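Nothing in this text is a laboratory measurement; each read-out follows from the coordinates by a stated rule. Quick caveat, the model's predicted, so the values are computed rather than measured. Here Cβ is always computed from backbone atoms with ideal geometry, including for glycine, and neighbour counts include all displayed protein chains.
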Amino acid sequence: MARLHEYQGKALLKEQGIEVPEGRAVRTPEEAADVARELNGPVVLKVQAWTTSRKAQGGVVFVDSPEEAQTHAANLLGMTFGNFPVTEVLVEQIIDIKNELFVSLSIDDAAQAPILLLDFQGGSGIEERADQVVRMPIDVIDGLSLDDLRNHLQASTIEASFHDDLVKAIQGICEIAKKYEARSVEVNPLVTTNDGRVVAADCRLTIDDYAVFRHPELGIEIARELDHPATELERLAYDLEQADHRGTFYFAQLPTAGAENTNGIIGFHGAGGGGSMMSMDAVTNVGFTLANFCDTSGNPSAAKVYRAARVILAQPDLVGYFGSGSGVASQEQFWSAYGLAKAFIEMNIEIPVVVRLGGNSEDRAVDILHDACADLPATIEGYKKDDTPQACAERFKTLVEQAGASNATMSRSVPDFVGCSDAYSFEIEGGQVWIDHEACDANSAQQIVDLSNDLLKLDDEGKPVLAISDDDIAKKDSELIALEIETRRAGIPYVFVDLAIVGLD
């Protein structure tokens, strides 16, 4: 589920005619002082972070003056929640609250219908009052029963003078959920005030991932559930995923601060949800902290796996790279091996790698990985389905301890013939292929053609050139990556697929 910040959800409430506190989100301490000055009274500052219990973690502060607002905003903007920095703070007027209500609309997956939850106390501690929460099913055609809602309000201790406005506000919350295809809209609390108003004092709203593309006005960057605003690498990875629908590439960065007695931060590369979770447990059980979660499954292309590995390796302070999935993946694992090998070679990887490539063609996949990466500075080891995640994690721990390395000095390199005028090249989707004609003698040129699976042929001068049209070669990135790796294994590394990644290269 794609999340919105509190201030973004409140903007939608306001559009629907539901009153919200005056104020706005700021990104600097000076802006916070300006807003406090405009509101001309006590204000509350709230970090905009996708987490509960912000107040308990010091993320909510009440102040009386613009100067205090500026000072506390500086502190709040210096905080991290889940190891991710706070970039926005909501500054708004303080409300004189009379009553608090908990209002939450969500999708009941079992009933395949929306349901409204109401609690007439509201505020914190809702979990402990579950038996007091009213459950109101919402008809997908007719909507919420306003008569039932009025009956529940009449049975509460809230004064009757507020009932009409509360009905209108709750009905508006339901309309927002329908309009924006929300999985959940939570207003906690929806309050009545001592001067007779009904105000949404807080708002948490999530949009169905599959509906995000229909609502560009919401400005959601990544149509996936994250517990923090998207990082630069997550945005980059999401763009890469959207550009290539051959298989899945899911990437999320994880909090790494505060890990005690860790053996180091590592990059994690899974394949298949359940197997990846088991593998994550195995590697954390031997003392490592995961920098990320990544899943490439569903028959990913070699190009997609290559790009995923590059994104993982772009994270700082890694001491190793651990890959392991289900072990019985119904996908040809040699494609993943080609993509991984290419990434490790380009980065001249210096940190140890353990990858469990269990599944179809696992023998071939492990052979490719070992052969292609044999000359790299780091130890690269591939394993198969009969090798358990626990055994792989123990071996990984040993390799990391022996290496004592990090990725701090690693950078991408390309062969010298890339970009040379005497090299042969052609474009493909997302990149360019280079062949070192000058290095090719008759024997190596024929080998390259033989390894190309009919993508290349010899020209009149006996050099490898395209054997198919520009349109047909455009989508052959994975096959060309395979050719690059196979020519390297054959000792004739004269082919290079340049898939430079914008934002990394």
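The long axis of helix 163-179 is offset from the longest Cα principal axis of the chain by roughly 10 degrees. Evaluated at q = 0.14, 0.29 Å⁻¹, the base-10 log of the normalised Debye intensity for region 22-93, with identical point scatterers placed on the Cα atoms, takes the values -0.34, -1.34.
On full extension, the segment bounded by Glu232 and Met277 gains 13.8 nm, given 0.36 nm per residue less the C-alpha separation.
The amide H of Phe81, built 1.01 Å from its N in the peptide plane, has Val86 as neighbours under 5 Å, considering only residues 5 or more places off or on other chains. Shown in residue order for region 46-59 are the 3J(HN,Hα) couplings computed by the Karplus curve 6.51 cos²θ - 1.76 cosθ + 1.60 at θ = phi - 60°: 10, 4, 9, 9, 7, 8, 8, 6, 4, 5, 5, 8, x, x Hz (x for Gly and Pro). Can you give the net charge of the other residues whose Cβ lies under 10 Å from the Cβ of Ala230, counting K and R as +1 and D and E as -1? Result for the neighbourhood of Ala230: -1.
Each residue of region 450-461 is assigned a 3J(HN,Hα), and the resulting list reads 4, 7, 8, 6, 6, 7, 10, 9, 8, 8, 4, 9 Hz, derived from the Karplus form 6.51 cos²θ - 1.76 cosθ + 1.60 (θ = phi - 60°), x at Gly and Pro.
Ordering Trp50, Trp335 by the number of other Cβ atoms within 10 Å of each residue's own Cβ, fewest first, gives Trp50, Trp335. Across the chain, Cα pairs under 8 Å and at least six residues apart give a relative contact order of 10 percent. Region 61-80 and region 93-169 have Cα centres lying 33 Å from one another. Distance from the C-alpha centroid of region 199-231 to that of region 333-363: 35 Å, rounded to the whole angstrom. Considering only Cα atoms, the convex hull volume of region 232-403 works out to 93 Å³ per residue. Under 5 Å from the amide H of Lys463 lies no amide H of any residue 5 or more positions distant or on a separate chain, with H modelled from the backbone and absent for Pro and chain starts. Taking each DSSP H run with n ≥ 4 as -39500 (n - 2.57) and averaging over every residue of the chain yields -10000 deg cm²/dmol at 222 nm.
List residues of region 156-174, by number, whose backbone nitrogen lies under 16 Å from a label position 7 Å along Cα→C-beta of Lys98. So the set is 156-169. PRE reach from Gln446 (point 7 Å along Cα→Cβ): which of region 486-501 fall under 15 Å by backbone N? Output list for this probe position: empty.
Would you tally the net charge around Pro300, using a Cβ to Cβ cut-off of less than 13 Å, leaving Pro300 out, and scoring K and R as +1, D and E as -1? Neighbour charge sum, excluding Pro300 itself: -2. Annotation for region 239-286: chymotrypsin sites (Phe, Trp or Tyr not before Pro) lying in DSSP loop with at most 14 further Cβ atoms inside 10 Å of their Cβ do not exist. Treating r as the C-beta distance of Arg37 and Ala403 and R0 as 51 Å, the FRET efficiency rounds to 0.35. Using the average count of surrounding beta-carbon atoms within 10 Å as a protection proxy, the listed peptides 286-299, 452-465, 143-156 rank, highest first, as 286-299, 452-465, 143-156. Other residues whose C-beta falls under 12 angstrom from the C-beta of Glu221 contribute a net charge of 0, scoring Lys and Arg +1 and Asp and Glu -1. Shape descriptor for the chain: Rg over Rh equals 1.08 (Cα atoms; Rh from the Kirkwood inverse mean 1/r). Nearest 10 degrees is fine. How inclined is helix 477-489 to the longest principal axis of the chain, computing both from alpha carbons? Roughly 40 degrees between the two axes. Computed over region 232-403, relative contact order equals 22 percent, with contacts defined as Cα pairs under 8 Å that lie 6+ residues apart.
Computed on region 22-93, with alpha-carbon pairs under 8 angstrom and 6+ residues apart, the relative contact order is 49 percent. Maximal additional length on extending the Asn151-Ala74 stretch stands at 23.0 nm, based on 0.36 nm per residue less the C-alpha distance. Amide H contacts for Gly359 (H built 1.01 Å from N in the peptide plane; partners 5 or more residues away or on another chain; cut-off under 5 Å): Ala329, Lys385. Taking label positions 7 Å along the Cα-Cβ direction at both Lys457 and Asp472, the computed distance is 0.9 nm, reported to one decimal. Along region 194-210 the Karplus relation, 6.51 cos²θ - 1.76 cosθ + 1.60 evaluated at θ = phi - 60°, assigns HN-Hα couplings of 6, 9, x, 9, 10, 9, 7, 7, 8, 7, 10, 9, 10, 10, 4, 3, 7 Hz to successive residues, with x for each Gly and Pro. Against the main long axis of the alpha-carbon atoms of the chain, helix 232-243 sits at an angle near 70°.
Loop-located GluC sites (Glu not before Pro) in region 368-436 (DSSP state other than H, G, I, E, B) with a sparse environment of at most 10 neighbouring Cβ atoms within 10 Å are absent.
At full extension, Glu260 and Ala211 could sit 13.6 nm farther apart than now, given 0.36 nm per residue minus the alpha carbon distance.
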